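Right, one structure below, let's go through it.
The values are calculated or read from the model by the stated rules, or taken from the named source; none is laboratory data. It should be emphasised that the depicted structure is a prediction, and the values quoted were computed from it without experimental measurement. Note that each Cβ is placed from the backbone with ideal geometry, even for glycine, and that neighbours are counted across all protein chains shown.
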Amino acid sequence: MCGTLRASDAGKPAILMGWVNKRRDHGSLLFIDLRDRSGIMQVVVNAERNKAVHEKAETLRNEYVIAAIGTVRLRDANTINPNMPTGEVELVVDDLRILNESKLPPFLPSDTALTNEETRLKYRYIDLRRDVMQFNIETRHKVAKAIRDYLSSQGFFEIETPFMTRSTPEGARDYLVPSRVQTGTFYALPQSPQLFKQILMISGFDRYFQIVRCFRDEDLRADRQPEFTQIDLEMSFPRPENVWEIVEGFLTAAFHAAGYEIKTPFPRMDYDEAIRLFGIDKPDLRLPAFTDARDCFTEQNLQDLAINANLPVLAIRTPKVGELSRKERDDIKPMFHSKGGAKIFEDFKRIANKFPDAAAAITKKCGAEEGDLIVLVAGSAQAGPQTAMPAHRKVTPAELAIYASAGLIRLALAQKYADRHQCFQRGDFRFLWVTNFPMFEWDEGEKQWMAAHHPFTSPHEADMKLLESGVDSVSDPQSTLSAVRALAYDVVLNGTELGSGSIRIHRQDIQRKIFRALGMTDEEAKSRFGFFLEALEYGTPPHGGIALGLDRIVMILAGAESLREVIPFPKTARAVDLMCDAPTPVSDRQLRELGISVKKPS
RNA sequence: GGGGACGUAGUUCAGUUGGUUAGAACGCUGCCCUGUCACGGCAGAGGCCGCGGGUUCGAGUCCCGUCGUCCCCGCCA
């Protein structure tokens, strides 16, 4: 193939087939850069050697598909191109076949400037010819294969589950598929194979995995597509650590396949600790954690600054930002309004002038060095007493508000000064297990407790009493439900949630309590998950698992900014496929067969 | 559902305070060229300035609307 020939191949006959990447016409001497999946090879056509072939070569244009038949030759020393792997050799052509012509594409795979994404997506087949995209897709293949091989070696079976299944109106919006045979009924495309994989455990396939497409009809983001691929696995009789070891194992294999070595085991951190140190449940460990600066101030200091002494005072350190101009310091202020309503912003310079002792203490406690940026986030004394005070969680809602906005500001600052702090280095992979998530989250809109992970997650053994006492107080924000921890865990890489899993409930009585705590009557639970609840009653083993986003893993490995760069045929922010122009209206006949009437777009 | 950025040649972009015939680079077409690899030289073609209104003597430029792409919030168990 084009990219594989080396000096050691000199003298060999070769037939190369590929696309004309570039043509350099020197009159009776003509060079063609011939491209295939493996790379680029220079092909030389000499009119003196073969006039007819040269004439044919003159008609070649970019992206023509050709076969070049000839001999591999070592290049003269002064014509070696050290910038390409095949730069020591070239193919001297004896015959040439034009296998297909090409219209002039709207952009060329060899273009250096990146074409706008709309055009790239419309002509995705051209875009995918670019070496970056070829690399990304190859990386995707290698990663998926490494994971398959690893999990197979650990005794996991890859088992397929249905794409056409039933809608379970929980969580994300379903994509629906109308049934023709039973008019008026619908299949749903799975948001994940959750219940099927749990049922496979009940069936005795004690180690299951699947690299599987999942579908969610929600708004898109750079890291969210309506259809995406999960590495889904489930095992019987596990402790969380067993699941973590498996994940660490296949990630090691996957990263190795992509050319990176990673260290295991990954560090572990409680959800509460993640919130206190980073203000977020998916901390980016490449950046410093918060420093609690409250004890760096005297009571009087805090009063002077109108800071609420009962709430955290957090110092955010961003390394090596350097001296900021007045304008740059002013630019930080708006972040405080946009990032979740932090109560107080303080310019550290002002603090240092007015409260030198406090500033010195903070600097020391942060471990700050010359040029580091420190920003303080605190609660306002004027805000008055917080009403929704501690339910039963360690971190109160008022504290959480401070931690969360500080967390967002920390990331916004890191983003803004990324070119200065150098914390984001390619190949620097900081994995983390975040564990012991809360089982329930208060939904202010619905005024009730919701499952934080999903309703099949097992609560902590130690928190069963809290579940018992809260089971009938679904609409009480002070319920002990708030303190129930789940046997749930996330694997996080550089601030991205790669995957999420849990030990599941395997006992029907506990499952029923969870549904009750979620405000679901037995009848409701039965109508939604009846088949599953029934299955639970037939000898369900303890089981648990996890699912990781393959697209996100590949995105990070490829150094890409968007999932679209690692998905061959992705969708736009409006969930449109610009290449094949899906979705489209369908014929009246199709609709009639499905018993559906729709108002068609004009 | 909300906020923001962008839309000018095939592509990437420039276009000043609203002012004559909208430019550059790459690509493309033709001719020339035997060692290029971002080849080079000469000549040339190529524009619904996203679309629709409005303001104005005059709009790529200002205003309103609309469509599309991207980013973010909500949403994503």
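All of A:Thr161, A:Thr168, A:Thr115 fail the test of being of a type outside the set (Lys, Arg), within 30 Å of A:Val576 (Cα to Cα) and at pLDDT 95 or above, apart from A:Thr161. Restricting segment A:359-395 to residues that are β-branched (Val, Ile, Thr) and over 17 Å from A:Gly322 (Cα atoms), the residue that is modelled with the highest pLDDT is A:Ile362.
Looking only at segment A:97-107, count every residue that is among the aromatic types (Phe, Trp, Tyr) and loosely packed, with under 14 Cβ neighbours inside 10 Å and tell me the total.
0
Might you let me know whether segment A:225-234 holds any residue that is touching a Pro at 6+ places or on another chain (Cβ under 6 Å) and farther than 25 Å from A:Phe569 by Cβ? Scanning segment A:225-234 turns up no residue that is touching a Pro at 6+ places or on another chain (Cβ under 6 Å) and farther than 25 Å from A:Phe569 by Cβ.
Can you give me the number of residues within segment A:196-209 that are surrounded by fewer than 23 Cβ atoms within 10 Å (Cβ to Cβ), within 14 Å of RNA strand B (Cβ to nearest atom) and farther than 11 Å from A:Pro162 by Cα? Step through it out loud before you land on a result.
Within segment A:196-209, the first condition is being surrounded by fewer than 23 Cβ atoms within 10 Å (Cβ to Cβ), and the residues that meet it are A:196, A:199-200, A:202-207.
Narrowing further to those that are within 14 Å of RNA strand B (Cβ to nearest atom): A:196, A:199.
Among the residues that remain, those that are also farther than 11 Å from A:Pro162 by Cα are: A:199.
Number satisfying all stated conditions: 1.
Where helices (runs of 4 or more DSSP H) fall entirely within segment A:238-355, those with at least 3 residues that are over 30 Å from A:Asn136 (Cα atoms) and either more than 31 Å from the chain's Cα centre (by Cα) or at pLDDT below 90 (or both) are at A:299-304, A:326-338, A:348-354. Of all residues in segment A:70-96, those satisfying the criterion of being crowded, with 20+ Cβ neighbours inside 10 Å and in a strand (DSSP E or B) are A:Gly70, A:Val72, A:Val89, A:Glu90, A:Leu91, A:Val93, A:Leu96.
Restricting the search to strands (runs of 3 or more DSSP E) fully inside segment A:1-69 and requiring at least 2 residues that are within 9 Å of RNA strand B (Cβ to nearest atom) and basic (Lys, Arg) gives A:13-25. For segment A:413-430, the condition of being within 16 Å of RNA strand B (Cβ to nearest atom), at negative phi and surrounded by 19 or more Cβ atoms within 10 Å (Cβ to Cβ) holds for at least one residue. Looking at segment A:551-597, which of the residues that are away from RNA strand B (no atom under 15 Å from the Cβ) and loosely packed, with under 10 Cβ neighbours inside 10 Å is modelled with the highest pLDDT? It comes out as A:Arg589. Taking first residues from segment A:73-99 that are among the aromatic types (Phe, Trp, Tyr) and partners that are more than 10 Å from RNA strand B (Cβ to nearest atom), no Cβ contact under 8 Å between residues at least 6 apart in sequence or on separate chains turns up. Scanning segment A:108-141 for residues that are more than 6 Å from RNA strand B (Cβ to nearest atom), assigned to a loop (DSSP other than H, G, I, E, B), surrounded by 13 or more Cβ atoms within 10 Å (Cβ to Cβ) and not aliphatic (A, V, I, L, M) yields a count of 5.
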